Amino acid sequence: MPYDETYDIASNPYPEDTDLYILFAGQSQTRSGHQVGPKVFDYYLIHHILSGEGTFSTGDHTYELGRGDSFVIHPGHLAEYKSDLVNPWHYYWIAVKGKKFQVLMEQAGISLSSPIIHAANNNHGRWLEKIKSTFRSRISGGGLRAYGYLYLLLSDFQKVLHPERLKEEAQTRIERHVKQVAQLLTTQYTEPISIESIAQSYGYNRAYFSKMFKFYNHVSPVTFLLNLRISKSRQLLRERLELTIEQIAYSVGFNDPLYFSKQFKRFYEQSPSDYRRSLSHLLKK
């Protein structure tokens, strides 16, 4: 079956950034046997294959690639790629330069020794098409939008190449969020606090966040907050004798003085009033 060659490219019309800059993006249905190189590029070149077959060679390795595969050419390194004679490639490509991009590529898991991304079902072509169409549209704010799509592409690459790293990052993220919430509770215990609202603000449902909070702190967030409030109330009962039980309850975040007294007794086996009286007896001795 003969393939009519098509070639569509859009250059970046937005201001250049020396740390990270997309030069251009394109799409092509290649002709049978279409070949580029062997040659050296002075920028990163990413291809994503929509259909067809072909080979990519760099260093001492040659890869046979087809639909859903992506390959990355690193600047300054000899590379060659060639479409199949019978079923040539149809692909998107993007050229990028900048020191920051090298770091991003490494974070995504792409290197000279690992330049291939195999993923049958993915959005890689979608992000590249959006970058190209954004350049073509020249819309206001398009530069930021295009780089957003680039980050989405690299994020997808990382999901394929380093799923275990994403799991580690998720574990680190939840631990960080738990610490932040613990600090928030420690400083904001006097305010009306909803654990459910806090969990949602970090992107978690209450049940999961409470489970993870307990994993790291050995108590649920509700118990953690209650411990704080009761402990602070005990301090006020000792140090602020001019405050009433009701005032102390409100001062540590309880809206109901009776509920406060009930919880205090559950912790210390005596009511706040009895605790205060026991202190006065000790002081008189």
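The values are calculated or read from the model by the stated rules, or taken from the named source; none is laboratory data. Being a predicted model, the structure only gives us computed values, none of them experimental. For neighbour counting, all protein chains shown are included, and Cβ atoms are generated from backbone atoms with ideal geometry for every residue, glycine included.
Flag set for SER83, criterion: touching a residue at least 40 places away in the same chain (Cβ under 8 Å) and over 25 Å from the mean Cα position of the chain (by Cα).
If only residues of region 236-258 that are part of a helix (DSSP H, G or I) and hydrophobic (A, V, I, L, M, F, W, C) are counted, the one that is nearest to the chain's Cα centre (by Cα) is ALA249. Every test in (1) modelled with pLDDT of 90 or more; (2) surrounded by fewer than 17 Cβ atoms within 10 Å (Cβ to Cβ); (3) not in a helix (DSSP H, G or I) is passed by ARG126 save one, and that test is (3). Sort out for me the strands (runs of 3 or more DSSP E) sitting completely within region 1-103 that have 1 or more residues that are in contact with a helix residue (DSSP H, G or I) (Cβ under 7 Å, 6 or more places away or on another chain), under 20 Å from PRO115 (Cα atoms) and not basic (Lys, Arg). Filter on region 1-103 gives 21-29, 44-51, 69-73, 90-97. Exactly one residue among SER233, SER261 is small (Gly, Ala, Ser), over 23 Å from LEU184 (Cα atoms) and either in a helix (DSSP H, G or I) or free of Cβ contacts under 8 Å to residues at least 24 places away in the same chain (or both), and that residue is SER261. Inspect all residues belonging to region 153-167 and state whether any of them is modelled with pLDDT of 90 or more, in contact with a strand residue (DSSP E or B) (Cβ under 9 Å, 6 or more places away or on another chain), over 22 Å from GLY59 (Cα atoms) and crowded, with 18+ Cβ neighbours inside 10 Å. Yes: one or more hits. Considered as a group, the residues in region 174-195 that are within 17 Å of ILE248 (Cα to Cα) and of a type outside the set (Val, Ile, Thr) include one that is surrounded by the most Cβ atoms within 10 Å (Cβ to Cβ), and that residue is TYR189.
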